Structure formats: C-alpha cells, structure tokens
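As structure tokens, the structure follows; a few thoughts come after it.
The values are calculated or read from the model by the stated rules, or taken from the named source; none is laboratory data. Given the structure is predicted, the values throughout are model-derived calculations rather than measurements. Note that each Cβ is placed from the backbone with ideal geometry, even for glycine, and that neighbours are counted across all protein chains shown. Accessible surface is based on the protein model in full, side chains and every heavy atom, while ligands, DNA and RNA are left aside. Shrake-Rupley method; radii C 1.70, N 1.55, O 1.52, S 1.80 Å.
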Amino acid sequence: MIVYAATRGQFSEDVFSNQIETRIRDAFATRVRRSIPSNEVDAWKNSMQYMNNILLRGEITEDAGVAIEYHIPQTSKRIDFILTGKDEEKRDTAVIVELKQWTEVKATELDGIVETFIGRGIQETPHPSYQVWTYAALIRDFNEAVQDDRIQLVPCAYLHNCITPEALRADFYRTHLERAPVFAKEDAERLQRFIRQFVRHGDSDRILYRIESGRIRPSKSLADHLDMLLRGNREFLLIDDQKLVYERVLSLNSKAQAGRKQVLIVTGGPGTGKSVVAVNLLVELIRQRFVAHYVTRNAAPRAVYHSKLTQSFQKSHVENLFRNSGSYVESEPGSIDALIVDEAHRLTEKSGLYQNLGENQILELIRSAKLTVFFVDEDQRVTFKDVGEVREIQEWAQQCGAEVEEAVLTSQFRCNGSDAYLSWVEHTLQIRETAHESFGGIDYEFRVFDNPNEMYREIVARNGSANKARLVAGYCWDWKGKKDRTIRDVTIPEHGFAMRWNLGSDGGLWIVKPESVNEVGCIHTCQGLELEYVGVIIGLDLVVRNGEVQTDAAKRAKQDTSVRGYKSMFKADPDRARALADRVIKNTYRTLLSRGQRGCFVYCVDPETNAYFKRRAGRGAVSPQPERGRYPGLTLRILAIDEIRPYENCVPVFDLEVAAGLDFSIEQPVEGYDWVELPEVVRPQRDLFVTQVVGESMNRRIPNGSWCLFKANPGGSRQGRVVIVQHRDIQDAETGTHCTIKVYSSEKRVSADGWRHERITLRPDSNLPGYRPIELQPEAAVELRVVGELVAILC
C-alpha cells in the first residue's frame, strides 16, 4: 500500500507550497486509519524538502513517479521514498530511498548494526544500507509484478543531517554498502548523480501502480536458492517422527489454502527436532511458492538457524523469512499462507520494545495466517510473560474459527537420546516426581565439579574442532561488561573465577561463534539450540536446603527480564509470585541442563547444592571417556570391545595414513583400531570407514578437521567425486603422507585394445589461494590407488 503517490512535478509543488507533510498526514489517516505523532510529521516536512532539492537539482523529469510511505505487504516495514521511471536503456526502474534524521552514528561489532540516538537514548539499530537493501530484497523476492516485469530495484540511503558519515562507511559494512550506497549531508551532489543514472525518463508505464498491485508470491529464484541451501545440509535431516509431522503439515496446508483455517500444535521436549522440522517446512513451503515465515520471539534461534541454513554469519535476504513473533500486530487477516512458530512457549501477550503493542501474539499469528504451526514445550517457559501454553493456543484458535490438530515429537536426539536423563533432571530439580530417581543405567555423561575453572577447562577441551561445547549459567550476575570488555561479569571469588557474559558483538549468534567458548552464555542465548557438551553454573537463585530445592527470584540479575514484575506481584499475591518464580527458575535450569547432546557438566555456587547434585548423580554419572587426544573433534561414540559387531552396529575409525595402508579386500580384524557408532540416519555396511580430513585444500566441501565417512573400493565412474588417493609421487603438504583428498577427474583414450587413462587430474576445492591441481600422465596414472570415496561429513 502506498500512502502518497504523485508525479515528481506534483510532489515538488506540494513541497514548494509547504503542504507536503499535510498531504502525507491526511493520506495516512485515510488509508491507514490511525493518527500520526507530531515528530513523524515534522520528519516528513524536513526530509521531503531535502529530497525535492535533490530531484530538482538533479534535473529529474517531472513525469517520474514519487511514492512516500510504501507499506511492504505482510510486514510492518515502510519505505520512506520511491522514485520510478526509466533508465537510459528504457528499463523500468524504482529507486528506493531510506531517509534518516540522524546527525551522528557510531559503528558496532555486529554485522549490519550501528548505534545512534533514537527516542530515549543511544540504541543499536540496522545500518541504513542493510535496512534499505532488505526492503528491496523483500519486494524482489515476493512481488510477482517486479519479478515478471523485471522492474529494476535500486536501494540507497540518505542521511541529510549526518555530519559523521565515517562510521557508516567503515570497511566492516562494505558488503551492505556495495548493495546499497549511503549518502550523508555532504553528499547531495553524489546522490543527484546516483539517481540520475537510473531515472532518465518518466514513469510512462505505471510502475508504481504495478508494484503496489503486484501479487504476493515467493519468486522462483528465492525458492531455488533455499532449496539449494537445504539440499545436502546435514544439520536439517528429517528422521522418524520428524518426517511424519513434516508430511502432516504439508497435508494441512492443502486444506488451509482451500479456505479452511488450520492450526497444528506440535509438542516435544528438548532435542526432539522441533526446529529442524520448522526450517524444513519453511523451505518446502517457499519451494511450493507459498508465502511462509519462520517465527520465534527469541532472537538466538532465528540468527542461528539462518546462519546454519546459509552457512554464513553474514546477513542475507533469506533473513527476511525469519521473523520476530511481534511482527504481526498490523497484519491483514489471512494474508500469509503459513507461519511456522518455533519456541512457541516463549510467546507473550504484548509486542514491541516496551511491550505495549497488540493484543496477544498467539491471536495475531493465527489471525494473520491460513495455516499456523506451533512447536511447544511448556516446560521451557522461562519468563513471567511467556503465555505459550497448549490450552491458550487452543482457545485462541477456536475463537478464530480454525480447525485444531495436535501432534507429538517423541524421538530424543539430545542428551544421547536419553529420555531417562531428562526425567532424572526433572526429578532432581523437583519439578515433578519421575521413575528416574537414580542416575543408574542412564547412558549420558554427567559430571559435577568442585571448581568452576576445572569445568571451564574441560569445556574448552571438549570444544575441539567441532566448536560445540559452551559454558552457560543462571542469570544471577549483572551484565556490566556489555560495553566494556575489561569487565568480567560472572565471578566466583573463592575460586578466582571470572569470565564475561556472552559477547555483545555476537548477538544471537553467540552460541556458534568460535570465540564464545571463552564466554558464559545464558538462557536467552542458548534456548532452542543445542551443543555437544554444556557446562552449567547454577547460581544462588536455586539452592538446596535439607534435600529441598528452593528458588529465589531476588537473586537474579537486575537486567534479567525473565522475572520482571516479581516484586510488585509479591506485594499483591506472595504465594502466586513464589509459585510462578519457582516454575520459571526451575524451567530455566531444566533447559540449560538439557542443551548437551553428549554430556552435561555442573558446578553449583552453593556448596550444599553442589553436594546434592553429586549425591543425586552417584557413581553411575561419569561415563568412561574415549581417548580424545587421539581423535580430536570426533563426537561419534567409540564402542567397547564387547559391544562391537563389525559393520552391523559400527564401522572402523583410523587416521588417513592407516586407511591408505589397509587392504579392504579382506575382512578387517577388530584388534588394532577403534570402532564407532554412526548417526541413526546412516546404516553401517562393509567397506565403510571413518577418517579425519586435515587441511584447507577442500574447505569449500569439507571443513578442516572434519571427521568423514568414506567407502573403500568404490566401483563405477569416479568422475567429479571426492576421493582419497595414494601415489608414490604425491607428497601432501597438509597430511605429510603419500595420500591426498581431492576431486577426481580423468580423460580416457579408447582403442581396439580397450581404454586407458590419458590424464588424471586431482583438483582441490578451496576458497583459499595457492592450491593447485595434481596432474598424472598415463605412465604415472597406472600406479594411482583410489583408497576411498566420500560418503558424508559426520562431525
């Protein structure tokens, strides 16, 4: 929807007559039907004067189109200014301009984020170049008229009051600046020339109207891009009941698009694959050209799953599909095909920075979509404001006239697949009584430490090349060091322990950034995400006295919003306040204690509490450890001798040099090397083995240090495949052996006597310079031995 639309000539008249802000305000009231604050009206008056000067001095033709306050469909985003016309080659073009009143800006360490004064003080906010580029990407990805008519979109930003543009143009923001240049107060002439490049002729083909009335549908290029990102990404494999829920959602989507509003509530505990199903559904629905969003209230899952899907920490246009749960306050009913709501237990009533917008997020999500899927674990509600209960969702769904169904994810892929461990945690925290009062028989590594420094060293050791071990804590220490790196927030003086809270520079990506192993995370940076190993510091908000688990919300940090409102609630209704705080604090630690797929380590600040966890764990809590120094980064379980059934439940693991020296034509003995259990999605079979790939020569396909599955004696054509090869003339600088891992290709000559290799080329696949193909001529090729072919990257 466009609030104000006119020709450039009419726009200039409105500015010259000092009527522009009035015309925009009146149009806004008519079309949007809500009042406008006076500061926004003043901003229109100020900015439009500047834009008019740019267009007049740039000699932009009077019949170019001007649009002000274009509301991007299905979002709360508004584009400040659009100029339409044709470029020198008569291509339909829309120049999109983000206007800012800022005078000063500071750079940050967050990708696409700057700091400036907004409202009540200095705040972090999107870099204008990133912001306007995402607006253009939204239109390009979802406006069918723009796609089919090939309307050229040109984004830029104009900060006409800004006198400190250096921070905006920092090299750190180069990617965003290349996509959308930024112009400051001193750049008026540059902006004139920039616009003039793209609008040389008027809007003779109603470009504005076509954009405004274009059908909302994902572009094929977006669908293909997402499909490519997901294909082969082992982070998102669907197995067991995950696949069943996935197919059920697609079936419900057919009903929803036929006019029957659908709500599916999917319950599941930690590690049951809720997020994996959610991301797969997002990609598949977009592939089928439906408008779909992945939604969470918590920023960390959005950031991490976007980065895992794109395999990049940088912001991209795909990020438009990952939305905050408060984005639907003003959405039109049924305007979105499907909303996939992950971590739905974290939904709140109100939205916005000050929790003052909208009525109820559950209602707004259901109302906005034809199909809404809620992934819920009620035991992970960890703040006073969390309202995402199954009963609550059911009630709102019925009020909206939706058909409601439920599904359950039960297969446990975290905590070593042990539901028994989760039951033990609940019993230990006295959340509920379970059948697992004792740790005995639970196949999961759990250790209680007497010193937090020892636990931290163990986490660093477990982190290895996999980068999947982190230290987390209850939010019991004030976060003073967000702006000052010298401050160590989490301190335990009696042990000389002092570490920083999670890095502010990493934002929601904290849990996957390599440096964050040296920081302490909290519930807000790890909920909905998983690790291989987690170390949990239990603060003074949870202590044990005479065998009773007691909680105290007053021991939480003052910055923690989880228990905000506790004091006033306690004055009004002490019993309710205590009960609610008790549930929030216990759920917080239940969530933290279940982040580790393979193991959990614990240190309690309170000595009596530490002793309690030791007693509860008992001797059975510490599992025998594999020889980690021999297999750095390997997270597969190494089987004991009496467990091994070769190629039935395991395959061998050894280093590359050993692999090259083995004769796979005969059955391998058990003695001499270890055997590992494969992920459930991979069936063991003869000739499979695991080895580590070291070096950067194949880093586009195989990260340095990855443990990979190979098939020995591969048959058929090897053309274009990744293989381990051995040759006396090969001396691999990274492995130090006569074998190497490369992409295989060959040229053959066919004669009456058969065929022979004319040339074999072994190509690296690296994003680093300096790696060269290895070429073997016919006489050397005969001595080449293909040891194995890559099957999968495991860890």
> Out of all the residues in region 94-145, which are farther than 20 Å from PHE194 by Cβ, hydroxyl-bearing (Ser, Thr, Tyr) and modelled with pLDDT of 90 or more?
Replying inline: THR103, THR116, THR125
> Among the residues of region 169-195, which ones are aliphatic (A, V, I, L, M) and over 15 Å from ILE96 (Cα atoms)?
Replying inline: ALA170, ALA184, ALA188
> Looking at (1) of a type in the set (Ser, Thr, Tyr); (2) under 24 Å from ILE113 (Cβ atoms); (3) more than 36 Å from the chain's Cα centre (by Cα), which is the only condition THR175 fails?
Replying inline: (3)
>> What's the total number of residues in region 365-374 that are open to solvent by 10 Å² or more (accessible area, probe 1.4 Å) and outside any strand (DSSP E or B)?
In response: 1
> Which ranges mark the helices (runs of 4 or more DSSP H) fully within region 131-203 that have 3 or more residues being closer than 27 Å to ASP42 by Cα, β-branched (Val, Ile, Thr) and open to solvent by 40 Å² or more (accessible area, probe 1.4 Å)?
Replying inline: none
> If you check SER697 against the conditions, is it closer than 18 Å to LEU762 by Cα and either at pLDDT below 85 or open to solvent by less than 60 Å² (accessible area, probe 1.4 Å) (or both)?
Replying inline: yes
>> When you scan region 352-364, do you find a residue that is open to solvent by 20 Å² or more (accessible area, probe 1.4 Å), over 28 Å from ILE118 (Cβ atoms) and in a loop (DSSP other than H, G, I, E, B), even just one?
In response: no
> So which residues in region 542-565 are among the hydroxyl-bearing types (Ser, Thr, Tyr) and open to solvent by 20 Å² or more (accessible area, probe 1.4 Å), if there are any at all?
Replying inline: THR551, THR561
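Take ALA435 and tell me if it is buried (at least 22 other Cβ atoms within 10 Å of the Cβ) and either touching a residue at least 60 places away in the same chain (Cβ under 8 Å) or out of contact with any Asp or Glu (no Cβ under 7 Å at 6 or more places or on another chain) (or both). Give the steps one after another, and end with the answer.
Details: buried (at least 22 other Cβ atoms within 10 Å of the Cβ): no; either touching a residue at least 60 places away in the same chain (Cβ under 8 Å) or out of contact with any Asp or Glu (no Cβ under 7 Å at 6 or more places or on another chain) (or both): yes.
Taking the combined requirement at face value, the residue does not satisfy it.
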> Can you find a residue in region 375-384 that is in a loop (DSSP other than H, G, I, E, B), under 25 Å from the mean Cα position of the chain (by Cα), at pLDDT 90 or above and under 25 Å from VAL283 (Cβ atoms)?
Replying inline: yes
>> Between a residue in region 197-211 that is more than 13 Å from GLN152 (Cα to Cα) and in contact (Cβ under 8 Å) with a residue 24 or more places away in the chain and any residue that is β-branched (Val, Ile, Thr) and part of a loop (DSSP other than H, G, I, E, B), which pairs come within a Cβ distance under 7 Å, given they are 6 or more apart or on different chains?
In response: HIS201/THR61; GLY202/THR61
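In region 332-384, what residues are basic (Lys, Arg) and within 29 Å of THR410 (Cβ to Cβ)? Write out each step before concluding.
Of region 332-384, the ones basic (Lys, Arg) are 346, 350, 367, 370, 381.
Matches in region 332-384: ARG346, LYS370, ARG381.
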> Residues in region 575-584: is at least one at pLDDT 85 or above, open to solvent by 40 Å² or more (accessible area, probe 1.4 Å), in a helix (DSSP H, G or I) and small (Gly, Ala, Ser)?
Replying inline: yes
>> So in region 1-40, with the set limited to residues that are open to solvent by 20 Å² or more (accessible area, probe 1.4 Å), β-branched (Val, Ile, Thr) and part of a helix (DSSP H, G or I), which one is farthest from PHE81 (Cα to Cα)?
In response: THR30
> On the given criteria, is ARG91 modelled with pLDDT under 90, of a type in the set (Lys, Arg) and surrounded by fewer than 16 Cβ atoms within 10 Å (Cβ to Cβ)?
Replying inline: no
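If you go through region 103-119 one residue at a time, do you hit one that is of a type in the set (D, E, K, R), touching a strand residue (DSSP E or B) at 6+ places or on another chain (Cβ under 6 Å), buried (at least 19 other Cβ atoms within 10 Å of the Cβ) and closer than 18 Å to LYS185 by Cβ?
Taking region 103-119 first, the residues of a type in the set (D, E, K, R) are 104, 106, 109, 111, 115.
Filter again for touching a strand residue (DSSP E or B) at 6+ places or on another chain (Cβ under 6 Å), leaving 106, 115.
After this cut, where a residue has to be buried (at least 19 other Cβ atoms within 10 Å of the Cβ) as well, the list is none.
The answer is no; no qualifying residue exists.
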> In region 400-428, what count of residues is obtained for those that are crowded, with 20+ Cβ neighbours inside 10 Å, of a type in the set (A, V, I, L, M, F, W, C) and at pLDDT below 80?
Replying inline: 1
> Quick one: in region 691-722, which of the residues that are out of contact with any helix residue (DSSP H, G or I) (no Cβ under 7 Å at 6 or more places or on another chain) and of a type in the set (Val, Ile, Thr) is nearest to ARG785 (Cα to Cα)?
Replying inline: VAL722
> For residues in region 464-505 being without any contact (Cβ under 8 Å) to a residue 60 or more places away in the chain and within 23 Å of LYS308 (Cβ to Cβ), which is most open to solvent (accessible area, probe 1.4 Å)?
Replying inline: ASN467
> Only one of these conditions is not met by ILE393: (1) open to solvent by less than 20 Å² (accessible area, probe 1.4 Å); (2) out of contact with any Phe, Trp or Tyr (no Cβ under 7 Å at 6 or more places or on another chain); (3) modelled with pLDDT of 95 or more. Which number is it?
Replying inline: (2)
> Counting only residues that are of a type outside the set (D, E, K, R), at pLDDT below 80 and assigned to a strand (DSSP E or B), which one in region 747-795 is least open to solvent (accessible area, probe 1.4 Å)?
Replying inline: GLY754
> How many residues are more than 20 Å from VAL584 (Cα to Cα), touching a helix residue (DSSP H, G or I) at 6+ places or on another chain (Cβ under 7 Å) and aliphatic (A, V, I, L, M) if we restrict to region 470-493?
Replying inline: 2
> Residues in region 438-463 that are hydroxyl-bearing (Ser, Thr, Tyr), open to solvent by 20 Å² or more (accessible area, probe 1.4 Å) and modelled with pLDDT of 85 or more: how many?
Replying inline: 1
> Do you know which of the residues in region 647-692 that are at pLDDT 55 or above, assigned to a loop (DSSP other than H, G, I, E, B) and in contact with a Pro (Cβ under 7 Å, 6 or more places away or on another chain) is surrounded by the most Cβ atoms within 10 Å (Cβ to Cβ)?
Replying inline: LEU678
> Which pairs do you get when a residue that is more than 25 Å from ASN46 (Cα to Cα) and part of a loop (DSSP other than H, G, I, E, B), found in region 98-114, comes within reach of a residue that is modelled with pLDDT under 90 and among the aromatic types (Phe, Trp, Tyr), reach meaning Cβ atoms under 7 angstrom, with the pair 6+ apart or on two chains?
Replying inline: ASP111/PHE313
> Only one of (1) outside any helix (DSSP H, G or I); (2) closer than 21 Å to GLY58 by Cβ; (3) open to solvent by 40 Å² or more (accessible area, probe 1.4 Å) is not met by GLU124, so which one is it?
Replying inline: (2)
>> Need a quick list: helices (runs of 4 or more DSSP H) entirely within region 225-336 having at least 1 residues that are open to solvent by 40 Å² or more (accessible area, probe 1.4 Å) and more than 30 Å from VAL425 (Cα to Cα).
In response: 241-257, 274-287
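Criterion first (in a loop (DSSP other than H, G, I, E, B) and in contact with a strand residue (DSSP E or B) (Cβ under 8 Å, 6 or more places away or on another chain)) does LEU83 satisfy it? Step through it out loud before you land on a result.
Values: in a loop (DSSP other than H, G, I, E, B): no; in contact with a strand residue (DSSP E or B) (Cβ under 8 Å, 6 or more places away or on another chain): yes.
In short, no.
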